[in-house]
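Visitor: I'd like to ask you about the structure that follows.
The values are calculated or read from the model by the stated rules, or taken from the named source; none is laboratory data. Fair warning: this is a prediction, and the values are worked out from it, not measured in the lab. Cβ sites come from the backbone with ideal geometry, for glycine too, and all protein chains shown count toward neighbours. With ligands, DNA and RNA removed, areas are computed over all heavy atoms of the protein, side chains included. Shrake-Rupley method; radii C 1.70, N 1.55, O 1.52, S 1.80 Å.
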Amino acid sequence: MSKPTPNATELLPPTILIVDDDPDIVLVLHDLLEHVGYRVLDAGTGADALAKTKTTSPSAVLLDVMLPDMDGLSVLALLKQLDPMLPVIILTAFVEVAKKHASLTEGAFGYVTKPYDAEELKALIRRAVGVKHLSIEAAAAKQALTASEDRFREVVQTAPDAIVLADGEGRMLSWNSA
């Protein structure tokens, strides 16, 4: 039995978008993530992050809450509008419990404080990418199921023979015009 041929998106490594205006942090995260096989993009502002999300559809986002042009929670809300299933991990030097709760309430996937533990961060990103991948697979399965149901309905409705669907108790659920 042969394996199905993967499509082009399955051949590319997952893309992680780093949104931080500190070039040193971006460089360290970039190296860390590329080393474990991710494709890494970066944005220094909220506006840049939104533009890159629209054009690249990242698998996950690492988002600082203090950006030069926008509050990180505002960026989080706008990212979730663009892609409700996008895992966004807040990465910040602030340990305010209120900010943490607010970000998680707004839909953040996780919250990591700087200085971060590299292994913990990699594990969180791995989980986030897995969740994103599962959401894409679920959407594709739902689309395939809908198409299959549509084909079945069309076949039943255009069949020259009478077709009746009933449940286990004998109640007729649907039938065609024949």
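Visitor: Given the options ALA140, PRO23, LEU121, identify the residue whose Cα lies farthest towards the positive end of the charge dipole of the chain (+1 on Cβ of Lys, Arg; -1 on Cβ of Asp, Glu).
Guide: The residue sitting most towards the positive pole is ALA140.
Visitor: For TRP175 and ALA47 in the same chain, what is the full-extension length gain: residue separation times 0.36 nm, less their Cα-Cα distance, in nm?
Guide: Contour length minus the Cα-Cα distance gives 40.7 nm.
Visitor: Dipole of the stretch 13-69, Cα-centred, from +1 at each Lys and Arg C-beta and -1 at each Asp and Glu C-beta, to the nearest 20 debye?
Guide: With only Lys, Arg, Asp and Glu charged at Cβ, the dipole is about 400 debye.
Visitor: Can you list which of the trypsin sites (Lys or Arg not before Pro) found in the stretch 5-100 are DSSP loop residues with at most 11 other C-beta atoms within 10 Å?
Guide: Passing sites in the stretch 5-100 do not exist.
Visitor: Please check: in the Gaussian network model of the chain (C-alpha springs, under 10 Å), which one of ILE90, ILE25, ILE16 has the largest mean-square fluctuation.
Guide: ILE25
Visitor: Still on this structure, I have one more. Say we join alpha carbon atoms closer than 10 Å with springs in a Gaussian network model of the chain; which of GLY168, GLY107, GLY46 then has the biggest fluctuation?
Guide: Checking each option, the largest mean-square fluctuation is seen for GLY168.
Visitor: Based on alpha-carbon centroids, what's the gap between the stretch 95-140 and the stretch 144-178 in Å, whole number please?
Guide: Going from one Cα centre to the other spans 44 Å.
Visitor: Taking amide hydrogens as modeled 1.01 Å from N in the peptide plane, which residues meet the under 5 Å criterion relative to VAL19, leaving out close sequence neighbours?
Guide: ALA43, LEU62, LEU63, ASP64
Visitor: Using Cα springs under 10 Å in a Gaussian network model of the chain, which residue among ALA139, ALA162, ALA108 shows the largest mean-square fluctuation?
Guide: Comparing ALA139, ALA162, ALA108 in a Gaussian network model of the chain, the most mobile one is ALA162.
Visitor: Above 21 angstrom, tally the Cα pairs of the chain and express them as a % of all pairs, no decimals.
Guide: That tail contains 57 percent of the Cα-Cα pairs.
Visitor: Counting only protein heavy atoms and using a 1.4 Å probe, what share of the accessible area of the chain belongs to carbon plus sulfur, as a whole percent?
Guide: Result for the chain: 59 percent of the exposed heavy-atom area is carbon or sulfur.
Visitor: In whole Hz and in residue order, list the ³J(HN,Hα) couplings for the stretch 131-142 that follow from phi through the Karplus curve 6.51 cos²θ - 1.76 cosθ + 1.60, θ = phi - 60°; x for Gly and Pro.
Guide: My calculation for the stretch 131-142 gives 5, 4, 4, 5, 5, 5, 5, 5, 5, 5, 5, 4 Hz in order.
Visitor: What does the C-alpha gyration tensor say about the overall shape of the stretch 80-178? Classify as rounded when a/c is under 1.5, otherwise prolate if a/b is larger than b/c, or oblate.
Guide: In terms of gyration-tensor shape, prolate.
Visitor: Now for a separate question. Counting only GluC sites (Glu not before Pro) that sit in a DSSP loop (anything but H, G, I, E, B) with at most 13 other Cβ atoms within 10 Å, what is the longest stretch of the chain containing none of them?
Guide: Result for the longest clean stretch: 1-95.
Visitor: Which value, in debye to the nearest 20, describes the size of the charge dipole of the stretch 54-161 about its Cα centre when Lys and Arg Cβ atoms bear +1, Asp and Glu Cβ atoms bear -1, and nothing else is charged?
Guide: Dipole of the stretch 54-161, to the nearest 20 debye: 140 debye.
Visitor: A further question on this structure: Kindly flag which residue pairs out of LYS54/LYS132; LYS100/LYS122; LYS52/LYS114; LYS54/LYS99 have an alpha-carbon separation exceeding 22 Å in this structure.
Guide: Result: LYS52/LYS114; LYS54/LYS99 exceed 22 Å.
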